[in-house]
1. Based on this model, can you work out whether residue 36 counts as of a type outside the set (Ser, Thr, Tyr), surrounded by 10 or more Cβ atoms within 10 Å (Cβ to Cβ) and at pLDDT below 70?
2. Within region 135-150, how many residues are open to solvent by 10 Å² or more (accessible area, probe 1.4 Å), part of a loop (DSSP other than H, G, I, E, B) and touching a strand residue (DSSP E or B) at 6+ places or on another chain (Cβ under 6 Å)?
3. All but one of (1) open to solvent by less than 30 Å² (accessible area, probe 1.4 Å); (2) under 17 Å from residue 381 (Cβ atoms); (3) at pLDDT 85 or above hold for residue 316, so report the exception by its number.
4. Would a scan of region 219-241 turn up a residue that is over 30 Å from residue 310 (Cα atoms) and either assigned to a helix (DSSP H, G or I) or at pLDDT 55 or above (or both)?
5. Considering region 151-193 alone, what residues qualify as being open to solvent by less than 10 Å² (accessible area, probe 1.4 Å), small (Gly, Ala, Ser) and either at pLDDT below 95 or not in a strand (DSSP E or B) (or both)?
6. Give the residue that is most open to solvent (accessible area, probe 1.4 Å), with candidates limited to residues of region 277-298 that are part of a loop (DSSP other than H, G, I, E, B) and free of Cβ contacts under 8 Å to residues at least 60 places away in the same chain.
Amino acid sequence: MPTEWLIVLVVAIVIALPVLLVTISVARRRGQLERESAAANAEAARVLEEERAARKEAAARAAEEAARPAPPPVAVVVNPSKNVDVDELRTLFRAAAVREGRQEPLWFETTADDPGRGQAEEALRAGASTVVAAGGDGTVRAVAEVLAGTGTPMGVIPLGTGNLLARNLGLPLERTDELVRIATTEPTGPVDVGWLRVRDQGEVPQDEDGILVEESGAGRDGWHAFTVIAGLGFDADMVHGTDDDLKSRIGWVAYFVGGVKNMVKSRLKVSVAVDDAEPEHLKIRTVMLANCGLLPGNLVLSPDSRFDDGVLEVVTVDTRFGIVGWANLGISVLAQRAGRRRTGELPGSELLFKPARRVRVVAEDAAHVQLDGDLLSTSGAVEVRVEKGALQMRYPVPPDRLQARTGEHVPGEPAERHPEKLQD
């Protein structure tokens, strides 16, 4: 081969080899890009399909939710005569219904002729999921009387002077928004109901004294409900002697004014029969049947009382020697805040406690009778029984987990020298 052709061949090879290498590299890169593009397109298609499936599933769930009826409404039985902004309270319950996906709350207002029983009955007929009593102890008692034994949960918005049940349930009395939440969503717990029947009813000037002798639709076959304390004697006299205008001005302290008016009243001669025991004859100031122990002012009447144990505490109170006896009684009650029982340790005063499921009290002379701060009538004899767990109440914590200040007694916890509870 001539030298010239050899030179041409070498030059051609030198020129062609880089071109070939570049072509091969470009081809490889193009193939890689095409594969990456195909993979990206496949991933995008997969993501798009997943998004379409998710939207389809969400639409199906939304359609199912829309077709499903909203949970039953909460019913509110409110006493508009109390110091409350009814419109604001209604707005809070409506907002709660929206948050919980419930129907518009049912709204009932009490009247002078019906303190809450008829409204609670109407709420039950309407299928309310919970019936909330928004008012004082009278409203709470009226609603509880209807709901007892029905299984329908009950909530409480305390708007009264004493707010006895609300205190014993550990409700935050000053936080209305939290009260609404508790009354509509908090889990339920059992609360006992006491029932009192008046026997040998005395003659009472109803209009002057405002005693609720024949409440329209009240009670069940003559039995009237209470959730906190029933009493015959001085405690009912105190309720009777308390001015409503004074209560609205100074709150529960007004009851002490009513009590002072009755300190000089004669003691009662009574017989008290507990369960199947023989009657005990006493001369006392008052006899009370306590389902709960905590009173306004953080006073503890009955340290052993629990509202869910199916037992009432019979509390008999006596004082002698005038102001000395009353002062010593006050010291005894204050001592019970720390769980210390003072039964006759101080001269002129005596507090006696006895657990019971059934009680009959017969007085020599007719005396006033009260239920949870409502004056019921005058009577020479009453019968009382307890129905365990008759109410399903919404409240924040059980009583044995309530936090007390250092040195104070938690109602429901054992106190010193407490009597043995009845065995089931």
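The values are calculated or read from the model by the stated rules, or taken from the named source; none is laboratory data. Predicted model only: the values in this text are computed from it and were never measured. FYI the Cβ positions are ideal-geometry reconstructions off the backbone, even for glycines, and counts take in every protein chain you see. The area values use the complete protein model at the heavy-atom level, side chains included, leaving out ligands, DNA and RNA. Shrake-Rupley method; radii C 1.70, N 1.55, O 1.52, S 1.80 Å.
1. Values: of a type outside the set (Ser, Thr, Tyr): yes; surrounded by 10 or more Cβ atoms within 10 Å (Cβ to Cβ): yes; at pLDDT below 70: no.
For residue 36, the condition - of a type outside the set (Ser, Thr, Tyr), surrounded by 10 or more Cβ atoms within 10 Å (Cβ to Cβ) and at pLDDT below 70 - is not met.
2. The total comes to 1.
3. (3)
4. Let us first name the residues in region 219-241 that are over 30 Å from residue 310 (Cα atoms), namely 241.
Subsequent filtering for residues that are either assigned to a helix (DSSP H, G or I) or at pLDDT 55 or above (or both) retains 241.
Among the residues of region 219-241, at least one is over 30 Å from residue 310 (Cα atoms) and either assigned to a helix (DSSP H, G or I) or at pLDDT 55 or above (or both), which makes the answer yes.
5. 162, 166, 183, 189
6. To start, the set of residues in region 277-298 that are part of a loop (DSSP other than H, G, I, E, B) comprises 277-279, 285, 291-293.
Checking the rest, the ones that are also free of Cβ contacts under 8 Å to residues at least 60 places away in the same chain come to 277-278, 285.
Values: 277: 59, 278: 154, 285: 38 Å².
Ranking the candidates gives 278 first.
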